[in-house]
Amino acid sequence: MIRAFGIIGIALLAGCSEKPVDEAAFGIAPENIRSGYEFLTAETQALQNDDFANPGLLWVQTGQGLFQDGGCAACHNDPGTEFRSVASTFPALDPQSGKLINLEGRINLCRTRHQSLPELPYESDDLLALTTFVKSRARGGTIDYQITDALQPHFAAGQNYFYSKRGQFNLSCNQCHDENAGAKMRGDTVSQGHINGFPAYRNDWQTLGSSHRRFEACDIAVRADPPALGSQTYLDLEVYLTARGNGLTSESPAIRR
Amino acid sequence: MRNIRLSVPDNAKSGDVIELKAMIRHDMESGYRVNIQGQTIARNILTFFECRFDDNVIFSADFHPGVSANPLLKFHMRAQKSGTLTFEWTEQTGQIFTKTAALAVLE
């Protein structure tokens, strides 16, 4: 029921020009927003808190090396203090092409447009490392991601994906992450499904992955056929989920189970 | 090329017990996993770690397939004089990964 109001709210808002993100578009009240961190065991939290033990920092280190040796530092300051707000500004529309790009896409644009280099494949180690390095500069900042008019259709598409049932299990994202956050599922505790920790190191993966890899894992878990990482569908979902996490602290590279 | 992260105090007083930490990027592929085609993924792990202060071994460890990816080691030593710490991992292939750090001991 609440969800139905949310969708109507969005439809109404689409008509006006200046608008804050409509709270009714989310299944969790702003005062109840909680990072995935809060659903972790104390041991896993300790790993994230320890700036040496957190293995995600291996990717920050690799990314910083690529940033310095790969020509990025010729145009951007090192060690990337200018990237402090990227957790609140991406995904964004590229003014030149009008296309929606996330941080990975932005980095690839710099490579193709400014460096005449080929795009790095999505989820490749180099792209993950560069993205994690850039995103780590925003660590500790509060996420405040504004949905502009131009982003509105992407937000709506992402919201639609979040509320659509799929897979053999016929489950939608919100059924787990809005309605069952805090519940146990097998050995895991379901969180609210935020992306403020991504790219994140998952103990289960024994490696670091993007938010899109996490979306894919949840889509596979309900036995749906997942769209490609970096696809328009997942980019739109990233827009919706970034706004849904407004008020959270950017934790990337976070540790997750 | 592997990245290695070390934590060694910049300096210590003679007699201090100091904590050393070392992490290396390595998949520690156990040899027990299968890929989506059902084929076994070949084992590739680090098998041995050694830390030397100048030429003396101060800590060593054998690794087995149960060790997680990107293993982290923490251990202690008593600082007595200035010197060089060498952290060295040996992969099952025989390849060796090394990083050194200087330790300055104040009288």
May I ask you to say which residue of B:SER30, B:SER7, B:SER68 is within 25 Å of A:GLY65 (Cβ to Cβ), free of Cβ contacts under 8 Å to residues at least 40 places away in the same chain, within 14 Å of chain A (Cβ to nearest Cβ) and more than 10 Å from the chain's Cα centre (by Cα)?
B:SER7
Where in region A:36-100 are there helices (runs of 4 or more DSSP H), lying fully within it, with 3 or more residues that are within 14 Å of chain B (Cβ to nearest Cβ)?
A:42-49, A:56-69
Residues that are touching a residue at least 24 places away in the same chain (Cβ under 8 Å), in a loop (DSSP other than H, G, I, E, B) and open to solvent by 20 Å² or more (accessible area, probe 1.4 Å), drawn from region B:71-91
B:GLN80, B:LYS81
Does any residue of region B:16-24 turn out to be of a type outside the set (Lys, Arg), in a loop (DSSP other than H, G, I, E, B), under 26 Å from A:LEU66 (Cα atoms) and touching a residue at least 24 places away in the same chain (Cβ under 8 Å)?
no
Working carefully through the options A:TYR161, A:TYR201, find the one that is of a type in the set (Ser, Thr, Tyr) and in contact with a Cys (Cβ under 8 Å, 6 or more places away or on another chain).
A:TYR161
In region A:146-158, the residues that are open to solvent by less than 60 Å² (accessible area, probe 1.4 Å) and touching a Leu at 6+ places or on another chain (Cβ under 9 Å)
A:ALA150, A:LEU151, A:GLN152, A:HIS154, A:ALA157, A:GLY158
Scanning region B:45-64 for residues that are farther than 24 Å from A:LEU47 by Cβ and either assigned to a loop (DSSP other than H, G, I, E, B) or within 14 Å of chain A (Cβ to nearest Cβ) (or both) gives B:ASP54, B:ASP55
Can you tell me which of (1) touching a residue at least 40 places away in the same chain (Cβ under 8 Å); (2) open to solvent by 20 Å² or more (accessible area, probe 1.4 Å); (3) within 21 Å of the chain's Cα centre (by Cα) is the one A:GLN115 doesn't meet?
(3)
Among (1) free of Cβ contacts under 8 Å to residues at least 60 places away in the same chain; (2) closer than 19 Å to A:TYR234 by Cα; (3) assigned to a helix (DSSP H, G or I), where does A:LEU120 come up short?
(3)
How many residues does region B:40-64 hold that are over 10 Å from the mean Cα position of the chain (by Cα), open to solvent by 30 Å² or more (accessible area, probe 1.4 Å) and not small (Gly, Ala, Ser)?
13
Pick out the one residue from A:PHE90, A:PHE133 that is of a type in the set (Phe, Trp, Tyr), within 14 Å of A:ALA243 (Cα to Cα) and open to solvent by less than 50 Å² (accessible area, probe 1.4 Å).
A:PHE90
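Output the residues belonging to region B:12-37 that are among the aliphatic types (A, V, I, L, M), at pLDDT 95 or above and open to solvent by less than 30 Å² (accessible area, probe 1.4 Å).
Matches in region B:12-37: B:ILE18, B:LEU20, B:ALA22, B:MET23, B:ILE24, B:MET28.
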Matching residues in region A:53-81 - criterion: being touching a residue at least 40 places away in the same chain (Cβ under 8 Å) and in contact with a His (Cβ under 8 Å, 6 or more places away or on another chain):
A:PHE67
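The values are calculated or read from the model by the stated rules, or taken from the named source; none is laboratory data. Bear in mind the structure is a predicted one, so any value in this text is a computation, not a measurement. All Cβ positions, even for glycine, are placed from backbone atoms using ideal geometry, and neighbour counts span all protein chains on display. When the accessible area is computed, the model is the full protein with side chains, heavy atoms only, and any ligands, DNA or RNA have been set aside. Shrake-Rupley method; radii C 1.70, N 1.55, O 1.52, S 1.80 Å.
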